[in-house]
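The structure appears below as structure tokens.
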């Protein structure tokens, strides 16, 4: 079984930080913010093995976009089989119309 390298984009990191700060500060739930953050990071690491197990949202010769569902969040990522890499592109709240934002 091939092991894939996990890469995160700056957009994803900023979106995740915004989610963390919103839950911790606006909702005043710092423990829930920490739990969500840890769960998201842990689930992303599982993509090192068999990243194509999650739902495909777009596939062409050049792109292989998939989504990973974690609680109330959707993570959009791209699988590059030729280099054994996964690129974590974005994280959205589940009720957002994320397809229009890609």
Of the residues in region 1-19 that are in a loop (DSSP other than H, G, I, E, B) and surrounded by 13 or more Cβ atoms within 10 Å (Cβ to Cβ), the one that is farthest from the chain's Cα centre (by Cα) is 4
Identify, by number, the condition in (1) in contact with a helix residue (DSSP H, G or I) (Cβ under 8 Å, 6 or more places away or on another chain); (2) closer than 21 Å to residue 1 by Cα; (3) in a helix (DSSP H, G or I) that residue 46 doesn't meet. (1)
Filter result for residue 77 (within 16 Å of residue 4 (Cβ to Cβ), without any contact (Cβ under 8 Å) to a residue 40 or more places away in the chain, outside any loop (DSSP other than H, G, I, E, B) and touching a helix residue (DSSP H, G or I) at 6+ places or on another chain (Cβ under 9 Å)): yes
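This table checks each residue for (1) surrounded by fewer than 15 Cβ atoms within 10 Å (Cβ to Cβ); (2) closer than 28 Å to residue 2 by Cα; (3) in contact with a strand residue (DSSP E or B) (Cβ under 8 Å, 6 or more places away or on another chain).
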| position | (1), (2), (3) |
| --- | --- |
| 21 | yes, no, no |
| 40 | no, yes, yes |
| 53 | yes, yes, no |
| 66 | no, yes, yes |
| 71 | yes, yes, no |
| 88 | no, yes, yes |
| 94 | yes, no, yes |
Would you mind stating whether residue 99 is at pLDDT below 95 and in a helix (DSSP H, G or I)? yes
Checking residue 82 against (1) over 20 Å from residue 101 (Cα atoms); (2) modelled with pLDDT of 95 or more, only one condition comes out false. Which one? (2)
May I ask you to list the residues in region 42-51 that are touching a residue at least 40 places away in the same chain (Cβ under 8 Å), surrounded by fewer than 19 Cβ atoms within 10 Å (Cβ to Cβ) and touching a strand residue (DSSP E or B) at 6+ places or on another chain (Cβ under 9 Å)? 48, 49
Could you grab me the full set of residues in region 55-64 that are within 17 Å of residue 7 (Cα to Cα) and either in contact with a helix residue (DSSP H, G or I) (Cβ under 6 Å, 6 or more places away or on another chain) or surrounded by fewer than 13 Cβ atoms within 10 Å (Cβ to Cβ) (or both)? 63
Answer yes if at least one residue in region 20-33 is without any contact (Cβ under 8 Å) to a residue 12 or more places away in the chain, within 13 Å of the chain's Cα centre (by Cα) and not in a loop (DSSP other than H, G, I, E, B), and no otherwise. no
Taking the options 3, 63, name whichever one is touching a residue at least 60 places away in the same chain (Cβ under 8 Å) and farther than 18 Å from residue 92 by Cα. 3
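The values are calculated or read from the model by the stated rules, or taken from the named source; none is laboratory data. Note that this is a predicted model, so its numbers are computed, not measured. All Cβ positions, even for glycine, are placed from backbone atoms using ideal geometry, and neighbour counts span all protein chains on display.
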